[in-house]
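Before I ask anything, let me first share the structure, which is written out below as structure tokens.
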Amino acid sequence: MSRTRTALLAAMALVAGATGTAFAVDPGSAGIAAVPCTVDYKIQNQWSTGFTAAVTVTNNSAAKSSWSLKWSYAGNQKVTSGWNAKLSQSGAAVTAANETYNAQLATGAAVSFGFQGSYSGSNAIPATFTLDGVTCNVDDGGPGGPTDPPDPGGPSTRVNNPYEGAKVYVNPEWSANAAAEPGGSRVAGQPTGVWLDRIAAINGAGGKMGLRAHLDEALRQKGSGELVVQFVIYNLPGRDCSALASNGELKADEIGRYKTEYIDPIKAILADPKYASLRIVTTVEIDSLPNLVTNTGSRPTAVPQCDVMKANGNYVKGVGYALNKLGDVPNVYNYVDAGHHGWIGWDDNFGPTATIMKEAATAEGATVNDVHGFITNTANYSALKENNFTINDTVGGKSVRESKWVDWNRYLDELSYAQAFRNQLVSAGFDSNIGMLIDTSRNGWGGAARPTGPGATTSVDTYVDGGRYDRRFNAGNWCNQSGAGLGERPKAAPAAGIDAYVWMKPPGESDGSSKAIPNDEGKGFDRMCDPTYTGNPRNNNNMSGALADAPVSGHWFSAQFRQLMQNAYPPLS
């Protein structure tokens, strides 16, 4: 290449700030293999005072156990926040160093990170990058370029059931935690949901992978087939008004922050054409809308914070806004949380819950077409199918519904509830093709305590209690339940109306701390996570049934994971 041509391309790289893409610098006649590293620096979004950029670096030299990329700006650009790398800046010089989870960089491997920055005047792309002190060239990221991941294929064709004919994403962080436990390798390859439970989780908090890092890894796992990647959208203002353990960072009135700082950035990332070939499943705001039915007004289960959220409308507005924005992305499949049978299965809850879901699905510009389906039992323990008795059984002239356990509920388990609630939702105005997901991550209830047949017929209570798989004190108990086990493994289309059994709650991640633990995640201490707690009206004043020594919600709870494996049903081999 002539000096003139090289200089021209270098100049083009500077001009490229207006269009957001760095152009390639030819490494010369030695060929691309002679270049120790290549860098793809793209400006994704730019406005009058700021911008976001994505950087991919490919290592063409010896494998690395850590890495550090450096560059300098010609203007006054300042990095203000970043994800998937530790970014620092001194004057014009910027350093991006690896996180713990992406420190390994094999020969020929690539790593990606991103950041947000500010500027005034021009926003020229840096001319030179060094990886561990060695100068790289800049790659255009075009088809076949060294920074390209394996071709994931074209945009994903929208399907009725995204799980059919597709693999499901295995979160490498959860997988590593599972594999580190004795016997954990038996389930470490199972797909689980990724929880975006605060704003910082979008870009990666506490050294964890951010949204883009998970999507990039999903593309790698996808290969040439179809792949579902599952995210839990969970950061409403005044989140989970009835359970302190899962309270969030946003105050009850911060609907504006929810929209602009949480949903909008998630939507922007999911809408990146790079990820168009993935089937992206979103579980939208668990425990929100059902709370507006069961825990408000004059009911004995009412909670003042839930009355606040019903009055200000921010649960309905927030869910509607999320459905509207995320539903605009063609390869996103929104599933709204629908509680579980032990919460919504009573006559006075069942219909009103479907009604309020229709209200949310038509709020803030959303329509029912933005809802692909619903999910039940998210992060809960309700048995999938009770086989030892039916809702129509009677003992001594008393209906099973009169037992203390069933307590006049119309449903005994999640499968019957999910199928019936699906019909109710269609009656409320949702599309007749909606599908249901059931979270089976912790509802197996196996082990030595699992009944092998019906209970004694001496009374309706002995009959039900002796035969039920679900061993909780009360179906309202939800925190780190003692005796629980892994349930059915994730699978597509397992029953009529059910799109999939999923492990949306990663087994081994705590529901909440068993005592107050200071944290910077906005998560409080709920007595339902205290093993000594004797209950409240929401669980008919029963013991909590929670495990001791639990960490803050979302943190790894080794003792729980080991219990879940021990009591798995179907059993682990």
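Considering only the stretch 102-123, state which residues are within 27 Å of the chain's Cα centre (by Cα), under 25 Å from S61 (Cα atoms) and not polar (S, T, N, Q). Even if it seems obvious, please write down each step before you answer.
Residues of the stretch 102-123 that are within 27 Å of the chain's Cα centre (by Cα), as a first pass: 102-105, 109-117.
Then drop every residue that is not under 25 Å from S61 (Cα atoms), which leaves 102-105, 109-114.
Listed by number, the residues that qualify are A103, L105, A109, A110, V111, F113, G114.
Just name the residue that is nearest to I280 (Cα to Cα) out of those in the stretch 324-343 that are in a loop (DSSP other than H, G, I, E, B) and either open to solvent by 50 Å² or more (accessible area, probe 1.4 Å) or in contact with a Phe, Trp or Tyr (Cβ under 8 Å, 6 or more places away or on another chain) (or both). Steps first, please.
So the first thing to find is which residues in the stretch 324-343 are in a loop (DSSP other than H, G, I, E, B), and the list is 328-331, 338-340.
Right, trim to either open to solvent by 50 Å² or more (accessible area, probe 1.4 Å) or in contact with a Phe, Trp or Tyr (Cβ under 8 Å, 6 or more places away or on another chain) (or both) and you get 328, 330-331, 338, 340.
On the way: D328: 12, P330: 9, N331: 6, A338: 19, H340: 23 Å.
Selected residue: N331.
Now for a different question. Check every one of the strands (runs of 3 or more DSSP E) wholly within the stretch 399-512 and list those with 1 or more residues that are open to solvent by 50 Å² or more (accessible area, probe 1.4 Å).
On the way: elements: 435-439, 491-495, 498-502.
The qualifying strands (runs of 3 or more DSSP E) are 491-495.
Do we have A360 as part of a helix (DSSP H, G or I) and touching a residue at least 60 places away in the same chain (Cβ under 8 Å) here? Working first, answer last.
Working: part of a helix (DSSP H, G or I): yes; touching a residue at least 60 places away in the same chain (Cβ under 8 Å): yes.
Judged against the criteria, A360 is a match.
Which of the residues spanning the stretch 82-107 are open to solvent by 50 Å² or more (accessible area, probe 1.4 Å), in contact (Cβ under 8 Å) with a residue 24 or more places away in the chain and of a type in the set (G, A, S)?
A106
Any chance you could count how many residues in the stretch 524-542 are assigned to a loop (DSSP other than H, G, I, E, B) and open to solvent by 70 Å² or more (accessible area, probe 1.4 Å)? Please lay out each step first, then the result.
First, pick out the residues of the stretch 524-542 that are assigned to a loop (DSSP other than H, G, I, E, B): 524-526, 530-536, 540-542.
Okay, now just the ones that are also open to solvent by 70 Å² or more (accessible area, probe 1.4 Å), so 532, 534, 540-541.
Going through the stretch 524-542 one residue at a time, the tally reaches 4.
Moving on to the next point. Where in the stretch 213-323 are the helices (runs of 4 or more DSSP H), entirely inside, with at least 1 residues that are basic (K, R)? Give the derivation first.
Details: elements: 264-270, 289-294, 304-312.
Result: 264-270, 304-312.
Here is a follow-up. Restricting the stretch 295-319 to residues that are surrounded by 21 or more Cβ atoms within 10 Å (Cβ to Cβ) and touching a residue at least 60 places away in the same chain (Cβ under 8 Å), which is nearest to the chain's Cα centre (by Cα)?
Taking the candidates together, the pick is V319.
Given the conditions (1) more than 23 Å from M528 (Cα to Cα); (2) surrounded by 24 or more Cβ atoms within 10 Å (Cβ to Cβ); (3) among the aromatic types (F, W, Y), and given that F389 satisfies all but one, which numbered condition is not satisfied?
(2)
Where residues in the stretch 157-178 are assigned to a loop (DSSP other than H, G, I, E, B) and in contact with a strand residue (DSSP E or B) (Cβ under 6 Å, 6 or more places away or on another chain), which of them is surrounded by the fewest Cβ atoms within 10 Å (Cβ to Cβ)? Break it down stepwise before answering.
Narrowing the stretch 157-178 to residues assigned to a loop (DSSP other than H, G, I, E, B): 157-166, 169-171.
With in contact with a strand residue (DSSP E or B) (Cβ under 6 Å, 6 or more places away or on another chain) added as a condition, the list becomes 161-164, 166, 169, 171.
Values: N161: 18, P162: 29, Y163: 27, E164: 14, A166: 20, Y169: 26, N171: 22.
This residue is E164.
The values are calculated or read from the model by the stated rules, or taken from the named source; none is laboratory data. What you see is a predicted model; the values in this text were computed from it and never measured. We place every Cβ from the backbone using ideal geometry, glycine too, and count neighbours over all the protein chains shown. We work out accessible area using only protein heavy atoms, side chains counted, and drop any ligands, DNA or RNA first. Shrake-Rupley method; radii C 1.70, N 1.55, O 1.52, S 1.80 Å.
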